[in-house]
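The values are calculated or read from the model by the stated rules, or taken from the named source; none is laboratory data. Keep in mind that this is a model prediction, so the values were computed, not measured. Because the Cβ atoms are built from the backbone with ideal geometry, glycine has one as well, and the counts that use them run over all protein chains shown.
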Amino acid sequence: MCGIIGAIARNPVQNTLLHALKTMEYRGYDSAGICTVSQQQLHTQKAKGKLINLETLLEKEPLEGNLGIGHTRWATHGVPEVRNAHPHQTESIAVVHNGIIENHQRLREMLQASGATFASDTDSETIPWLWQQVLEGETNQEKAFLDTLNQLEGAFAIAGIRNNEQKLWFARRGSPLLLARSPDGVFVASDALAVGAVATEVYYLKEGQWGWSDLEHVHIFDAQGKKAEVMWEAMPEMVAATEKDPYKHYMLKEIHEQPRVFLDILHAYTDGSPHIHFPQATFIETAPLPSRIIMVACGTSYHTALTARYWLERYLKIPVEVDVASEFRYRDPVIAENTWMITLSQSGETADTLEALRLFKRQTPNNKSLVFCNVAHSSMVRESDGLIELYAGPEIGVASTKAYTAQLLTLALFSLKLAHQYNAMDDESVMQHIQALFAAADGAKALLEKPKTFDALTPLFSQAHGSLFLGRGPCYPLALEGALKLKEISYLHAEGYPAGEMKHGPIALIDENLPVIVIALRQYHLDKVISNLHEVQARGAKIILVTDMQKNEIPENINATIHIPEGDFFSAPLLAAIPLQYLAYNVACDKGTDVDQPRNLAKSVTVE
Ligand code: F6R
């Protein structure tokens, strides 16, 4: 959801900015731009579309200067056009922004009345004009910057430069931003990936912090303007993890990484005994059984919560409520004492999920919150009482794959831990389930060693006008996820449905060009799912069956079958997820879409 970068260095910064934007292109890719300062002037290049267009422009007309900012955009206000690409600027100030300025209309009118001439349709352009206006009446530069920030409503991460000084300004409120440094310079970025190659130390700015840096010193302040301390940490090793070779796409690489991720998670949280440990969520060890669990997330992460509800309710016998974050936060939810809030997020920055967490904490400060997250320094992690880290490594493909199954696996371990702790499962059963999860890692590896198995499915989609995914129990959220994956990268309409609900409406859609993917696993109401399969088959549907049944049990006249190893109550969805991911990937490749950066999407949705 927009990536921002700023750099002040001993050498020209253009290539550093460009490289940083490349690593953050997953955050937004409808336009990009860079602005540097040299000879007391701002120099800007912007291009519509993918970053490669900006790169081509810069090859022809490079930018000089050791101070600069850059931006890769996911449009919120204003269509993706060069005029709306960042940096936005006046003659003397340039700014890049991630987030939304909610009072931009009022600010724009006020600034226009005093002579500002806007060049874009964006909310962001109000920032440089406002900053300039404040500076005209205020000689203290720090005060002027804080006054500017105080007039902005909404969420933002900002980096800014001025033509007549060698200083990099920055602010964080509601959108992620970090500082990084090396002997060669100081950087601000939305994501550590952006500066992993050039910086040795990092500091994640806290909510409300802002400041400026020259080459020698970094100065930071809190929202009230009080000086704050920068606590530098070593930059984590991450550059190698972000190369996609030898795979054609990041998504394919990330699908294939899953068996390794499964093992990393299992080794991190289990020790050969039935005691599962979550070292960053120690409150669980001593907490009484909650009366209710509320799980809130968006998109793919929401689907993992839906699966976990089946696991948790079966053993804990407490209500588990699952909601989409953008609904939860606006529906005046009733939250009683002794309730745990679980948020799930690959990025830890999704605006709606973060706000849902904040609402929960405001309403019931004594209740505990726990986040399942892949980014250990993210806002959700910092604001939760406990973290269960996903250990999936950086996920670059916009469509989530390994973070999805990492969430499923950690949720399975969490469910087992609670079942064990509250005496709903004995040692032996916990051990058996853990072994089944290890077996699933092997099973996933075996499935991925034969990727050609999945090829037979693609031709069934060549004439398709849509598709339907059906499942029951934990396979119902899998059906939702399979459908989401297919539509987001192949642009083919797809719906996930509870298999038993299908005859209450969607069955009307069935014809020979609406492939139906039936997820039929032994663990979850197999006979009933097979009956539903016959219902759609009788109406002429082409059927793709994802199943752990033996070959001789498979119903007749199925158009394509994917056999997966048999799992148990907790491990089965991990295995069934893989063919669904591969199916989406293959259909998208067949259609020639941009698999890693599908249209209109962004990886990290930091606006509501
Ligand atoms: C789909 C996908 C999205 C995200 C959603 C939440 O493939 O990736 O649906 O799951 O935007 O993002 P996180 O998990 O970062 O909160």
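Observations, loosely collected:
- Taking region 260-287 as the range and being of a type in the set (V, I, T) and out of contact with any helix residue (DSSP H, G or I) (no Cβ under 9 Å at 6 or more places or on another chain) as the test, the residues that pass are T282, T286.
- Single residue of region 506-529 satisfying the filter (within 20 Å of L492 (Cβ to Cβ) and out of contact with any helix residue (DSSP H, G or I) (no Cβ under 8 Å at 6 or more places or on another chain)) that is surrounded by the most Cβ atoms within 10 Å (Cβ to Cβ): L514
- Test: G68 is in contact (Cβ under 8 Å) with a residue 60 or more places away in the chain, of a type outside the set (K, R) and within 20 Å of D123 (Cα to Cα): no
- Of the residues making up region 81-120, those that are out of contact with any Pro (no Cβ under 7 Å at 6 or more places or on another chain), surrounded by 16 or more Cβ atoms within 10 Å (Cβ to Cβ) and part of a loop (DSSP other than H, G, I, E, B) number 6.
- Residue that is nearest to A194 (Cα to Cα), among those in region 31-75 that are outside any strand (DSSP E or B) and under 18 Å from the mean Cα position of the chain (by Cα): W74
- Condition met for L492 (within 16 Å of the ligand (Cβ to nearest atom) and either in a loop (DSSP other than H, G, I, E, B) or hydroxyl-bearing (S, T, Y) (or both)): yes
- Selected residue (criterion: nearest to D191 (Cα to Cα)) from residues of region 122-165 that are among the acidic types (D, E) and in contact with a helix residue (DSSP H, G or I) (Cβ under 6 Å, 6 or more places away or on another chain): D123
- Applying a threshold of 9 Å to beta carbon distances and a minimum spacing of six or more residues, or different chains, the list of pairs starting in region 147-159 at a residue that is farther than 14 Å from L130 by Cα and ending at one that is among the acidic types (D, E) and surrounded by 21 or more Cβ atoms within 10 Å (Cβ to Cβ) reads G154/D123.
- Residue under evaluation N423, criteria (1) outside any helix (DSSP H, G or I); (2) within 16 Å of the ligand (Cβ to nearest atom); (3) closer than 20 Å to V320 by Cα, criterion not met: (2)
- Boolean, I558 is away from the ligand (no atom under 16 Å from the Cβ), buried (at least 16 other Cβ atoms within 10 Å of the Cβ) and over 30 Å from S379 (Cα atoms): no
- The residue that is nearest to K452 (Cα to Cα), counting only those in region 520-553 that are free of Cβ contacts under 8 Å to residues at least 12 places away in the same chain and not in a helix (DSSP H, G or I), is Q550.
- Scope region 236-279; condition touching a Gly at 6+ places or on another chain (Cβ under 6 Å) and surrounded by fewer than 21 Cβ atoms within 10 Å (Cβ to Cβ); matching residues: M238, V239, A241
- Within this structure, G78 passes the test of being of a type outside the set (S, T, Y), in the same structural domain as Q14 (by TED's automatic domain parsing), in contact (Cβ under 8 Å) with a residue 12 or more places away in the chain and not in a strand (DSSP E or B).
- Filter result (more than 17 Å from T300 (Cβ to Cβ) and within 16 Å of the ligand (Cβ to nearest atom)) within region 561-608: V587, T593, D594, R599, V607, E608
- Any hit, region 484-505, residues being free of Cβ contacts under 8 Å to residues at least 60 places away in the same chain, surrounded by 18 or more Cβ atoms within 10 Å (Cβ to Cβ) and of a type in the set (S, T, Y): yes
- Going through (1) in a loop (DSSP other than H, G, I, E, B); (2) in contact (Cβ under 8 Å) with a residue 24 or more places away in the chain one by one, E556 falls short only on (2).
- Residue identified as assigned by TED's automatic domain parsing to the domain that holds L152 and either farther than 26 Å from S384 by Cβ or outside any loop (DSSP other than H, G, I, E, B) (or both) among H219, H267: H219
- Residue match in region 447-454 (condition: among the aliphatic types (A, V, I, L, M), in contact with a strand residue (DSSP E or B) (Cβ under 9 Å, 6 or more places away or on another chain) and either crowded, with 17+ Cβ neighbours inside 10 Å or part of a loop (DSSP other than H, G, I, E, B) (or both)): yes
- Only one of the numbered conditions (1) in contact with a Leu (Cβ under 7 Å, 6 or more places away or on another chain); (2) at pLDDT below 90 is not met by V518, and that is (2).
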